[in-house]
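Novice: Take this structure first; my questions come after.
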Amino acid sequence: REISGVNEVFLLALQPDFLLYAFSAVGAALYLIFKVAPKYGKTHIFVNIGICSLFGSLSVISCKALGMAIKMTFEGNNQFKYPVTYFCVLVVACCVVIQINYLNKALDLFNSAIVSPIYYVMFTVLVIIASTIMFKEEQTTTQVTTQFCGFVTIVTGTFILHMTKDMDLTGALVGFNAKGSGPVARFKGKDEELPILSPKENKETL
């Protein structure tokens, strides 16, 4: 939808349903920070990632309003004369600091190959929910289905990339590697090399 200014975004944020989401997100994040994280933050990956995602969904909305204010200001419609713009700056700054803090904690405690895809999925889902509640954009069934399929595709690709990033495939499909032993699949950090048999070698083994 077309937004005329930062004040209109603020009015959308004051809608009862979005206020309910915002207070629920902040309340859930604070509960995780003060009650759950001290006990389970080091053993449960979803604690720190959940805090990042909840605050991240609010930071995206504020970033959109702030970006719009900067754009309109450069176009000649000064948005920095409104207190709402500075409130958006404050929200973005607080949310980003909290996100970076708890994302670093999650990366220190758990493998990045697990943290990154989980954070991506949780963050994206919560941002979609927050944006849908706030802007209430009407979409057709085809648009919803297309976006859902695209989201599933991106999530699947993200998981596959992170699960296979430690795998190093060497050698050509046809020919020999540097050692003259044929194509091999080698895992980083391991000395063991697993041979990939060519079609001719497969026939001989059979």
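The values are calculated or read from the model by the stated rules, or taken from the named source; none is laboratory data. What you see is a predicted model; the values in this text were computed from it and never measured. Counting neighbours? That spans all protein chains shown, and the Cβs are built from the backbone with ideal geometry, glycine included. Side chains included, ligands, DNA and RNA excluded: accessible areas come from the protein's heavy atoms. Shrake-Rupley method; radii C 1.70, N 1.55, O 1.52, S 1.80 Å.
Novice: Cβ-Cβ distance below 8 Å, separation of 6 or more or different chains: which pairs start in segment 106-119 with a residue that is crowded, with 19+ Cβ neighbours inside 10 Å and of a type in the set (S, T, N, Q) and end on one that is at pLDDT below 85 and assigned to a helix (DSSP H, G or I)?
Specialist: Between residues of segment 106-119 that are crowded, with 19+ Cβ neighbours inside 10 Å and of a type in the set (S, T, N, Q) and residues that are at pLDDT below 85 and assigned to a helix (DSSP H, G or I), the close pairs are S116/T158; S116/H162.
Novice: Next up: I'm told I100 meets every condition in (1) open to solvent by less than 20 Å² (accessible area, probe 1.4 Å); (2) under 26 Å from F18 (Cβ atoms); (3) out of contact with any Cys (no Cβ under 6 Å at 6 or more places or on another chain) except one. Can you identify the failing condition by its number?
Specialist: (1)
Novice: Can you spot a residue in segment 35-47 that is of a type in the set (G, A, S), over 18 Å from I128 (Cα atoms) and in contact with a Leu (Cβ under 8 Å, 6 or more places away or on another chain)?
Specialist: yes
Novice: In segment 37-66, how many are open to solvent by 70 Å² or more (accessible area, probe 1.4 Å), within 20 Å of the chain's Cα centre (by Cα) and either more than 17 Å from A93 (Cβ to Cβ) or polar (S, T, N, Q) (or both)?
Specialist: Counting residues in segment 37-66 that are open to solvent by 70 Å² or more (accessible area, probe 1.4 Å), within 20 Å of the chain's Cα centre (by Cα) and either more than 17 Å from A93 (Cβ to Cβ) or polar (S, T, N, Q) (or both) gives 2.
Novice: Which helices (runs of 4 or more DSSP H) does segment 1-61 wholly contain that include 3 or more residues that are under 24 Å from E137 (Cβ atoms) and at pLDDT below 95? Reasoning before the result, please.
Specialist: Working: elements: 6-13, 16-31, 37-40.
Filter on segment 1-61 gives 6-13, 16-31.
Novice: Let me ask you something else. May I ask you to list the residues in segment 80-90 that are hydrophobic (A, V, I, L, M, F, W, C) and either buried (at least 16 other Cβ atoms within 10 Å of the Cβ) or in a helix (DSSP H, G or I) (or both)?
Specialist: Within segment 80-90, V84, F87, C88, V89, L90 meet the criteria.
Novice: Hey, V174 hits all of (1) at pLDDT below 70; (2) open to solvent by less than 50 Å² (accessible area, probe 1.4 Å); (3) β-branched (V, I, T) but one; which does it fall short on?
Specialist: Evaluating V174 over (1) at pLDDT below 70; (2) open to solvent by less than 50 Å² (accessible area, probe 1.4 Å); (3) β-branched (V, I, T) leaves (2) as the failure.
Novice: Looking at A69, A93, A28, which is the one that is open to solvent by 30 Å² or more (accessible area, probe 1.4 Å) and in contact with a Gly (Cβ under 9 Å, 6 or more places away or on another chain)?
Specialist: A28
Novice: Okay, next question. Which residue out of V115, V184 is at pLDDT 80 or above, among the aliphatic types (A, V, I, L, M) and in contact with a Leu (Cβ under 8 Å, 6 or more places away or on another chain)?
Specialist: V115
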